[in-house]
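Structure first, then comments.
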Protein chains: 2
Amino acid sequence: MDSEELTKNIKFDDSGLVPVIIQDYQSGEVLMLGYMNKEAVRRTLEQGETVFWSRTRQTFWHKGDISGNIQKVKEVRLDCDGDCLLLRVEQVGGAACHTGYRSCFYRRFDRVKGLVVNSKRVFDPDKVYGKKKNEQKS
Amino acid sequence: MDSEELTKNIKFDDSGLVPVIIQDYQSGEVLMLGYMNKEAVRRTLEQGETVFWSRTRQTFWHKGDISGNIQKVKEVRLDCDGDCLLLRVEQVGGAACHTGYRSCFYRRFDRVKGLVVNSKRVFDPDKVYGKKKNEQKS
């Protein structure tokens, strides 16, 4: 696929990045938000699996490299302004979040209780990443 | 509601903003991505309707002010890193996008055809905003 046909329509920000919403292609659940630069978009299209740019680690990040929880890209959509991508994916392993939850948005804001976790962990991050790597994303 | 309980857990970026994914609370369709600063989050919680910070116009933007297509907030979720919000909303008027489409992500990337519109317009933006205001968001 010629990724240039897509990337020429993307307005990357001053850091050369575009936010990418990751959504489960079947359930519609929003799993996470990541960032890609032009090369990450190219690799994602080429591999058919999400490759992000890690802003904290300043490196490419093939989602699932450590955990095995890769994301197979089923659909790529661009918004009206060209400054946000929506990728509908098949989430392998059942969890997108490095904390072991299915979605990174596992906390709901409750008017009385504050932030409340209302999801169940799919995996134990200590077992998947080891304690040292627990802070890294999956 | 005490918005401080939420905002103290949000990691706003260097510009004081946090990206906010807007999702239809019933269909699960991702409608748009907007940005909020602390005050926009406070107003959103207080009013129960989305109030964004417009980066292009550098002003608060109560979604639907012109079009009437407001977004009633049904659920607020925060991601693992605290640097992205997910708001599940009731989209009044059936369309979130200023172009008249239900979702801002009305274009799909096709490997052969490039970017393809595969949604139908809900309203005519010229009639809603007038030709001059057509470039403004709804």
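The values are calculated or read from the model by the stated rules, or taken from the named source; none is laboratory data. These numbers come from a predicted model, not from an experiment. Neighbour counts run over all protein chains shown; Cβ positions are idealised from the backbone, glycine included. Areas reflect the complete protein model, heavy atoms only, side chains present, ligands, DNA and RNA absent. Shrake-Rupley method; radii C 1.70, N 1.55, O 1.52, S 1.80 Å.
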remark   = Here the range B:74-84 yields Karplus 3J(HN,Hα) values (6.51, -1.76, 1.60; θ = phi - 60°; whole Hz; Gly and Pro given as x) of 9, 7, 10, 10, 10, 7, 4, 8, x, 10, 7
query = Quick one: Kirkwood hydrodynamic radius for the range A:3-136, alpha-carbon pairs, angstrom, one decimal?
reply = 15.6
note = Long-range amide H partners of A:Leu115, meaning residues 5 or more apart or on another chain whose placed amide H is closer than 5 Å, are A:Asp110
key: chain A, accessible surface, carbon-and-sulfur percent (1.4 angstrom probe)   = 42
key: Within the range B:3-136, percent of DSSP bridges classed antiparallel, to nearest 5   = 80
Lys, Arg +1 and Asp, Glu -1 on Cβ, resulting dipole of the protein assembly as shown about Cα centre, debye, nearest 20 = 240
Label-point separation in nm, A:Asp126 to B:Asp81, each point 7 Å along Cα→Cβ = 2.5
remark   = Taking the chain alone as reference and the full protein assembly as comparison, with a 1.4 Å probe on protein heavy atoms only, the residues of the range B:25-57 that lose at least 50 Å² of accessible area are B:Val30, B:Leu33
message = If I model a spin label as a point 7 Å beyond the Cα along the Cα-Cβ vector, how far apart are those points for B:Lys72 and A:Val116 in nm?
response = 2.1
note = With every protein chain in place, the residues of the range B:94-123 shedding 50 Å² or more of accessible area versus the chain by itself (probe 1.4 Å) are B:Phe105, B:Arg107, B:Phe109, B:Arg111, B:Leu115
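Once you charge only the Cβ atoms, +1 for Lys and Arg and -1 for Asp and Glu, what is the size of the charge dipole of the range A:53-138 about its Cα centre, to the nearest 20 debye?
Values: 19 positive and 10 negative charges, 84 e Å.
Here the size comes out at about 400 debye.
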key: Calculated from backbone phi, Karplus (6.51, -1.76, 1.60) coupling profile of the range B:107-124 in Hz, x at Gly/Pro   = 10, 9, 8, 9, 4, 9, 8, x, 6, 10, 7, 10, 10, 9, 5, 8, 9, 8
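At 1.4 Å probe size, put A:Trp61, A:Trp53 in order of accessible surface, largest to smallest.
Values: A:Trp61 25, A:Trp53 50 Å².
The residues order as A:Trp53, A:Trp61, largest area first.
How many square angstrom of accessible surface are buried between B and A, both sides summed, with a 1.4 Å probe and rounding to 100? Kindly include the intermediate steps, with their values, before the conclusion.
Values: alone 8300 and 8310 Å², together 13150 Å².
About 3500 Å² of accessible surface is lost on pairing.
What whole-number value in Å² describes the accessible area per residue of the range A:3-136 for a 1.4 Å probe?
Details: 6330 Å² over 134 residues.
Ligands and nucleic acids excluded, the figure is 47 Å² per residue.
According to the square roots a ≥ b ≥ c of the eigenvalues of the Cα gyration tensor, what is the shape class of the protein assembly as shown, taking rounded for a/c under 1.5, prolate for a/b larger than b/c otherwise, and oblate for the remainder? List each step's numbers first, then the result.
Numbers: a/c = 1.75, a/b = 1.17, b/c = 1.49.
Oblate shape, in that a/c is at least 1.5 and b/c is the bigger or equal ratio.
When a/c reaches 1.5 or more, the comparison of a/b and b/c decides; with that in mind, is the range A:76-126 rounded, prolate or oblate per its Cα gyration tensor? Working shown, then result.
Details: a/c = 3.47, a/b = 1.35, b/c = 2.57.
Oblate shape, in that a/c is at least 1.5 and b/c is the bigger or equal ratio.
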request  = Using label points projected 7 Å from each Cα along Cα→Cβ, tell me how many nm separate A:His62 and B:Asp13, to one decimal.
outcome  = 2.7
